[in-house]
Each structure stands twice: as structure tokens, then as C-alpha cells.
């Protein structure tokens, strides 16, 4: 019982530091209109910074120490939030802070996954990682609340509050690490009985393709609903519902994969394919299809990330942080490219071609994953 409580505390602390590294980009989406056109560039820089950091430093995460990396990266994200609060109106500060916070996210997520891999039994690891991925929608909703609460005061206030919250999350994480949590005798997924297909590198490429959709949703979901005829308030309510469904899908998919771990990749492929279908519904541009498309895309098209990390760890041959960094690098690069594809394919008021493209890429990624599973 004592060990279970210690693991639960560590899971909550890991979610908190993950949220801390999401807040900057989420707040840019909420209060970005106060900062002008540069916000779109800053969001792309955030994801590119994360992809680059995961690609360059991912191989050294075990050597550096996942606990140390997670604490340092989350602290750096707090500094970036404070920098935006103090001087975010200056383009160099905003871009540097965005890139730094993105790098923090790119390193924190695989590092906290590796920390939990060391203390959570394999039969529970998939569902724990899926629950931990709820940090992303929770961060989006937290940022929406901060932005709303501070409306009429100053756009700087949410960033300052988020910086304080990020430092508190780091303190809580370090305190949780000091609690004696015995390592499970079976912790760590270890190498599989035989080679898994697709391999880790292919999984990283599939993550890149499937992540175009989450990136597009980050920047264009609200605009898509407004363009389809929804009032701003109704669009916001739909996005809250979509994020709540995204949290639920992460938990449910983790529970399903936990009962049948050999079906983890199949569940993930089905979610990616279904999420791509949601993006295609958004391309229709009508109110009813857009509402359904948003709910489907958030629920399935963004709910598979925990399964992807669990699959990477299974293929990581005892190096969970490095394996997680591979899919993290691909995922953040895809998330950076998603909004750029949307921008290149149309406009904020007419994003239907963009939804067709990112939805098609998600369907292609899910289809390739299904094909590779049949080839096992």
C-alpha cells in the first residue's frame, strides 16, 4: 500500500512538470492576439525547439539522468514563462523563450516517462503513460482559464502566474523523488521476446505524420469552428468538451491496452485512422460536421500519444528515455509542420484544404501501421 501511494504521488508530480512545459505554447494560443502576427512563428519555434532537443540530446538522457533532466528542463520552462511575462513584446525574447520552452517539453516528457518506467510494473505502465499524456489537454484548459481570468488586466499576468506554478511543480517533483519508492522487481518493460514491427525508427516517422493533426488542432481548431458558423463562446465550450474527451480517451485506451498489451499497436492504429476521419469531417466546413470532427479529432486523433510512448519503450531495449525521445522528436516536428501546412494550404477563414491534407496524412500513418501489424 505504501509503495502504491508513493508511485501515485510520483505520477501526479510527473504530470505537473509535464504541464509546466506545455503552458507557454498553450497561453500563446489563448492570448496570442495581444502579441500580433509573431505568435504563429513563436508556436512553430516552440515545436521545432522540442524536436531538435529530443533529436540531439535524446541519446544521452539515460547518461544525464532522467530525473535531473526533467527537473532542469521544467525549471528552464518557468524561466521562459517569466521572460515572456516581462519582455514578451520584443520578438527576440518571445522567440528565444518559445524555443527554450519547447526544448524543455521535448526533454521532459521522455525523461518523466523513463522515471516512471523504473518504478511502475509493466502490467500498469501503458495505462500510467496514457494517463500522464493527459497533461497536454489539462495544460490547454488551464491556460484557457488563466487567459480568461486575466482578461481586462494584462496579457502578462497569465505568463507570470504560470511561471510561479511551474516552479511549484518542479519543487513538488523533486520532493516526490526524495520519497522512498521501492523499485518494482518487474519494473521496466525490458526487451520484447522478439523484434517488433514496425521498428523504433519507423514508429518515429509514423508519429511525425500522425502529429500534423494535433499541431493543426492547436492553432486552427477554434478558427475552424468560428468559420463553420459557431459563436466564439460556443466554440470555446466545444473545445473544452473536446479536451475532456481527449483526457478520457487516453485513460480508456490505456486500460484497453493494459488488458491486452499485444493489441497496443492495433488500438493506436485505429485511433490515428479515426482521428484522421475527424479532420476530413472538418474539411466539409458545415456546423454539424465541424462540431463532430472536432470531437473526433481531439478524442482519437490526439489521444494515441500515450500508446505511442508505451510502444516506443517496448522497442527501446532497456533505454526508455532514448526510445521516448525518438517519438518525441518526430511528434514535435510534425506538430510544428501541421500549422504551417494549414497556413500554406489556405487561410484562417478558409482552412478546409488544410484539414484534408493533415487528415490524409493521419489516415496514411494509421494505414501504414495497420499494414505493418499484418506483416508481423
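Residue selection: residue 80 satisfies the criterion of being in contact with a helix residue (DSSP H, G or I) (Cβ under 7 Å, 6 or more places away or on another chain) and modelled with pLDDT of 90 or more.
Filtering the stretch 298-317 to residues that are assigned to a helix (DSSP H, G or I) and closer than 19 Å to residue 60 by Cα leaves 309, 312, 313, 314. Being at pLDDT 85 or above, within 14 Å of the chain's Cα centre (by Cα), in a helix (DSSP H, G or I) and surrounded by fewer than 24 Cβ atoms within 10 Å (Cβ to Cβ) is the requirement here; does residue 245 meet it? It is false that residue 245 is at pLDDT 85 or above, within 14 Å of the chain's Cα centre (by Cα), in a helix (DSSP H, G or I) and surrounded by fewer than 24 Cβ atoms within 10 Å (Cβ to Cβ). Pick out the one residue from 288, 283, 337 that is modelled with pLDDT of 85 or more, surrounded by fewer than 24 Cβ atoms within 10 Å (Cβ to Cβ) and over 19 Å from residue 235 (Cα atoms). Sole residue among the options that is modelled with pLDDT of 85 or more, surrounded by fewer than 24 Cβ atoms within 10 Å (Cβ to Cβ) and over 19 Å from residue 235 (Cα atoms): 337. When the residues of the stretch 83-96 are filtered to those that are part of a helix (DSSP H, G or I), touching a helix residue (DSSP H, G or I) at 6+ places or on another chain (Cβ under 6 Å) and touching a residue at least 24 places away in the same chain (Cβ under 8 Å), the one that is surrounded by the most Cβ atoms within 10 Å (Cβ to Cβ) is 84.
The values are calculated or read from the model by the stated rules, or taken from the named source; none is laboratory data. Please read these numbers as outputs of a predicted model, since none were measured by experiment. Neighbour counts run over all protein chains shown; Cβ positions are idealised from the backbone, glycine included.
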